[in-house]
1. Per 0.36 nm of contour for each residue apart, how much would the distance between L44 and D57 grow if the chain were fully extended, relative to their Cα-Cα spacing?
2. I want to verify a result. In a Gaussian network model of the chain, Cα cutoff 10 Å, which of these has the top mean-square fluctuation: A32, A22, A40?
3. Please report Rg (one decimal) and Dmax (integer) in Å for the Cα set of the chain.
4. Starting from the Cα of K20, step 7 Å along the direction of its Cβ; do the same at E35; then give the gap between the two resulting points in nm.
5. Given the rule -39500 (n - 2.57) for each run of at least 4 DSSP H residues, summed and divided by the residues of the chain, what is its mean residue ellipticity at 222 nm, to the nearest 500 deg cm²/dmol?
6. Peptides 25-31, 11-17: what's the order by average Cβ count within 10 Å, highest mean first?
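Read the figures in this text as sums done on the coordinates, not as results from a lab. A quick note: this is a predicted structure, and the numbers were derived from the prediction, not measured. Heads up, the Cβs are rebuilt from the backbone with ideal geometry, glycines too, and the neighbour counts pull from every protein chain shown.
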Amino acid sequence: SLEEYALIDLDTRSTDCFRKSAEGLWVLHPFARDETVVLASVGLELPPEQLFADVID
């Protein structure tokens, strides 16, 4: 079942990651434009320069 998902805002270059807690509640983990996005469920860390590499200003 789904444990985690991310919503990426290309305009602000921010990411909201939602992770399901042990109690079954979705918990928000926000990442600002200069922070490395961590997707804990798959062990992935994406620095902003990699995540937004192909985004044109």
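1. Result for the pair: 2.1 nm of gain on full extension.
2. Residue with maximal mean-square fluctuation among A32, A22, A40: A22.
3. According to the Cα coordinates of the chain, Rg and Dmax are 12.0, 40 Å.
4. With each label point 7 Å from Cα toward Cβ, the separation is 2.3 nm.
5. Working: 1 runs with 4 residues, N = 57.
Dividing the helical sum by the residues of the chain leaves -1000 deg cm²/dmol.
6. 11-17, 25-31
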